[in-house]
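Coordinate-derived values only; no laboratory data. In this text, all values refer to a predicted model and were calculated from it rather than measured experimentally. Cβ: placed from backbone, ideal geometry, glycine included. Neighbour counts: every protein chain shown.
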Ligand code: GLP
């Protein structure tokens, strides 16, 4: 498979990065009001999401016809569990943007039938013609969503035993008395690569090595984000701390 030159945009700080990321989402929705959108949970997208909420308030964008797809979830957790991806998304994104339930399609990670959840998600994405835009954070181990190192580059939605690093870093989303679940459910690399637009956002020195690997390392599932270089128009938005230009 052919790799492409990645468009890297270096922002002066997190606020500028968040603004740029939001502009991408807004442009997609303004061009296609019924766009299918996937936005990662986690700390990095918070600023971008605040910009989206502000833009909606100002009438600069209308999400009322969009479909929102959940990227990933900790197995066993749902929207009422603090620390879960859905808790984050409902609180920061869906409620402030007044997104209706019918527009939200997320994994039920509490289901006994997780494989069925994956099948349903795969079918839904196929019927929608894939994602129009996905905004991804990046894990320090290079994961995107819960596509962990050494998993399949051509996988669709799946359940995965989480990497030790993911569990260790993931503790930040939970109260110290709660141990993060050992399994995750996620859209697969194949579905991320098929998204019409792929935007990766990274901020802070802790992401430096992961960003360097993504941009300049070997393209391999040892570092899942690097696989996104197969996407013809991957955009990586970084701040000064998470990026060193390599010629
Ligand atoms: C988490 C999530 C990802 C997220 C990434 C980075 O574990 N599974 O969807 O994008 O790791 O998170 P953060 O932005 O908090 O650094």
Quiz item: What is the antiparallel percent of DSSP beta bridges lying wholly in the chain, to the nearest 5?
Solution: 25
Quiz prompt | Ratio of the Cα radius of gyration of the stretch 5-50 to 2.2 N^0.38 Å, where N counts its residues | solution = 1.23
Quiz item: How much mean residue ellipticity at 222 nm does the chain get from its helices, if each DSSP H run of length 4 or more adds -39500 (n - 2.57) and you divide by all residues, to the nearest 500 deg cm²/dmol?
Solution: -8500 deg cm²/dmol
Quiz item: PRE reach from residue 62 (point 7 Å along Cα→Cβ): which of the stretch 25-42 fall under 14 Å by backbone N?
Solution: 29-35
Quiz item: Which of the peptides 112-119, 65-72 is most tightly packed, and how do the rest follow, judged by the mean count of other Cβ atoms within 10 Å per residue?
Solution: 65-72, 112-119
Practice problem: Could you work out how far apart the two model spin labels at residue 43 and residue 175 are, taking each label as a point 7 Å from the Cα in the direction of the beta carbon, and quote it in nm? | Solution: 2.1
Self-check item: Per-pair calculated FRET efficiency, R0 = 30 Å: residue 119 and residue 30 via Cβ, rounded to 0.05
Solution: 0.35
Quiz item: Give or take rounding to whole Å, what are the principal axis extents of the alpha carbon atoms in the stretch 1-138, in descending order?
Solution: 45, 40, 27
Quiz item: From the square roots a ≥ b ≥ c of the eigenvalues of the alpha-carbon gyration tensor of the stretch 113-224, which class results: rounded (a/c under 1.5), prolate (a/b over b/c), or oblate?
Solution: oblate
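Relative contact order for the stretch 42-155 using alpha-carbon pairs under 8 Å, separation at least 6, rounded to a whole percent? All intermediate terms of the calculation are to be shown ahead of the outcome.
On the way: 98 pairs, mean separation 26.9, N = 114.
It rounds to 24 percent for the stretch 42-155.
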Quiz item: Counting alpha carbon pairs within less than 8 Å and at least 6 residues apart, what relative contact order, in whole percent, applies to the stretch 62-104?
Solution: 43
Quiz item: To the nearest 0.05, how large is the calculated FRET efficiency for residue 16 and residue 246 if R₀ is 30 Å and r is the Cβ-Cβ distance?
Solution: 0.85
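Can you tell me, using C-alpha contacts under 8 Å and at least 6 residues apart, the relative contact order of the chain as a whole percent?
26
Please report, largest first and rounded to whole Å, the three semi-axes of the ellipsoid equivalent to the chain, where each semi-axis is the square root of five times an eigenvalue of the C-alpha gyration tensor.
Values: eigenvalues 108, 99, 69 Å².
Equivalent ellipsoid semi-axes, largest first: 23, 22, 19 Å.
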